[in-house]
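Attaching a single structure in structure tokens format; questions to follow.
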Amino acid sequence: MAVSSPQTSMFLLAAIGTISQGWKSSRTQKTIRNTRQPLLAMKKINAIIRASRLQTVIKELQTIPGLTGVTMSTVRGYGCHTWTTSEEIPPLFKNSRTIKAEAHTKIEIICADHVVEKAVSAIEIAAKTGRPGDGKITIFPIDDVIRIQTGARGEQAIEQQGIISDHD
């Protein structure tokens, strides 16, 4: 592209310089400043457990301070366990070429880092039967959480709030 005049080249140099300096409008800068608050470390715990152990697990989780909520859903699947003797094989799998998926419960928890080990330990102890199919626990890092109702972010979004009633 040819530059036709000195004024055009000065304008282009000024524009390139402004872009290279990271120019942003004052409104954009304010938004960026507000969203870059230091966030505390949070994790997401996923646990697949036997449906029959759900109430025991929930009872244990409710005793943990700082754990404010749990999401549960019914899931189906199968694992990779192989049986060593024919006596151990459950009747469901005997003489069958297909593996039938068992119903389990998936628990999802988002919590602060300092609560993770207590929650994992509670799930592990309460869900364990010692038999194949007890489930798995996975832990993932969380970048941010936003409470839709209030716009609160980070750990403030997962803190327990007072109950608001329309009838008060």
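When you check V145 against the structure, is it in contact with a Gly (Cβ under 6 Å, 6 or more places away or on another chain), at pLDDT 85 or above, closer than 15 Å to K44 by Cβ and surrounded by 13 or more Cβ atoms within 10 Å (Cβ to Cβ), yes or no?
It is false that V145 is in contact with a Gly (Cβ under 6 Å, 6 or more places away or on another chain), at pLDDT 85 or above, closer than 15 Å to K44 by Cβ and surrounded by 13 or more Cβ atoms within 10 Å (Cβ to Cβ).
So, one more: Considering only residues that are in contact (Cβ under 8 Å) with a residue 40 or more places away in the chain and on the phi < 0 side of the Ramachandran plot, look in the stretch 148-163 and name the one that is surrounded by the fewest Cβ atoms within 10 Å (Cβ to Cβ).
Q160
For the stretch 61-80: of the residues being surrounded by fewer than 10 Cβ atoms within 10 Å (Cβ to Cβ) and assigned to a loop (DSSP other than H, G, I, E, B), which is modelled with the lowest pLDDT?
Result: C80.
The values are calculated or read from the model by the stated rules, or taken from the named source; none is laboratory data. Because the structure is predicted, anything quoted here is derived from the model rather than measured. Note that each Cβ is placed from the backbone with ideal geometry, even for glycine, and that neighbours are counted across all protein chains shown.
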